[in-house]
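Following: one structure in structure tokens, then a few remarks.
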Amino acid sequence: MKQIKRMLSIFTDKVFLRFLLVGIVNTLFGSTIMFTFYNVFHFGYWFSSASNYFFGSILSFFLNKNFTFQNKEKSLDVAFRFTVNIAACYLIAYGMARPLIRYFLTGVSQSIADNASMFLGMGLFVMMNYLSQRFLTFRSK
């Protein structure tokens with residue numbers, strides 16, 4: 001029971017609340033780019049979702065490093081860990097989301113399926129990204 005409480009505490013402390021605030025800002029910023037690229041400019045699924053994470057990751061790095069995790073490390077190592085983390089979370093989340101949505105939403109248009117996939121991918125990405133940023137990318141020494 002004590003371990004369960006400890007595990008749950010990582011989702012209720014100040015660090016998580018700061019991560020959520022940064023996430024709200026970053027989600028508004030990135031998803032605006034993603035859905036605009038897909039629905040207005042008619043770019044493809046992968047380009048649109050990748051653009052979200054490319055531009056959003058730049059904002060996210062600085063906000064999470066300085067505000068959320070208050071990481072004072074001044075090396076390229078932390079930027080490298082962040083970049084690898086974002087790439088891995090993106091590929092796993094969006095790679096899983098598309099086939100899952102296609103399986104559960106058979107018969108809907110490609111546009112609806114891709115929009116639902118991008119939405120699910122966002123949710124999967126957030127969960128994996130928080131845990132990996134907290135315990136790998138910006139870990140306390």
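The values are calculated or read from the model by the stated rules, or taken from the named source; none is laboratory data. What you are looking at is a predicted structure, and each value in this text was computed from that prediction instead of being measured. Heads up, the Cβs are rebuilt from the backbone with ideal geometry, glycines too, and the neighbour counts pull from every protein chain shown.
Within the range 32-60, residues that are over 17 Å from PHE119 (Cβ atoms) reach partners that are among the small types (Gly, Ala, Ser) with beta carbons closer than 7 Å, at six or more positions or on different chains, in the pairs PHE55/GLY30.
Within the set PHE29, PHE55, PHE35, PHE43, the sole residue that is in contact with a Phe, Trp or Tyr (Cβ under 6 Å, 6 or more places away or on another chain) and at pLDDT 90 or above turns out to be PHE43. If we scan the range 41-54, do we find a residue that is over 18 Å from the mean Cα position of the chain (by Cα), small (Gly, Ala, Ser) and within 24 Å of VAL15 (Cα to Cα)? So far as the range 41-54 goes, no, none of its residues is over 18 Å from the mean Cα position of the chain (by Cα), small (Gly, Ala, Ser) and within 24 Å of VAL15 (Cα to Cα). Checking each residue in the range 61-70 for being among the aromatic types (Phe, Trp, Tyr) and free of Cβ contacts under 8 Å to residues at least 24 places away in the same chain picks out PHE61, PHE62.
Can you tell me which residue within the range 45-67, out of those that are in contact with a helix residue (DSSP H, G or I) (Cβ under 9 Å, 6 or more places away or on another chain) and either acidic (Asp, Glu) or farther than 20 Å from LEU124 by Cα (or both), is surrounded by the fewest Cβ atoms within 10 Å (Cβ to Cβ)? For the range 45-67, the residue satisfying everything is PHE67. Return a yes/no flag: does the range 76-93 have any residue that is in contact (Cβ under 8 Å) with a residue 60 or more places away in the chain, hydrophobic (A, V, I, L, M, F, W, C) and closer than 18 Å to LEU17 by Cα. No, because not a single residue in the range 76-93 is in contact (Cβ under 8 Å) with a residue 60 or more places away in the chain, hydrophobic (A, V, I, L, M, F, W, C) and closer than 18 Å to LEU17 by Cα.
Just so you know, in the range 68-89 the residues that are of a type in the set (Phe, Trp, Tyr) and either touching a Gly at 6+ places or on another chain (Cβ under 9 Å) or closer than 17 Å to VAL126 by Cα (or both) include one that is modelled with the lowest pLDDT, and it is PHE69. Here is a check on your reading of the model: is LEU21 of a type in the set (A, V, I, L, M, F, W, C), out of contact with any helix residue (DSSP H, G or I) (no Cβ under 7 Å at 6 or more places or on another chain) and part of a helix (DSSP H, G or I)? Yes: the conditions hold for LEU21. Considering ARG18, ARG6, the condition of being more than 17 Å from ASN85 (Cβ to Cβ), surrounded by 13 or more Cβ atoms within 10 Å (Cβ to Cβ) and among the basic types (Lys, Arg) is satisfied by ARG18 alone.
Could you please give the count of residues in the range 96-126 that are surrounded by 13 or more Cβ atoms within 10 Å (Cβ to Cβ) and without any contact (Cβ under 8 Å) to a residue 60 or more places away in the chain?
So the count comes out to 13.
Can you find even one residue in the range 27-35 that is surrounded by fewer than 16 Cβ atoms within 10 Å (Cβ to Cβ), over 16 Å from the mean Cα position of the chain (by Cα) and part of a helix (DSSP H, G or I)? No, that holds for no residue.
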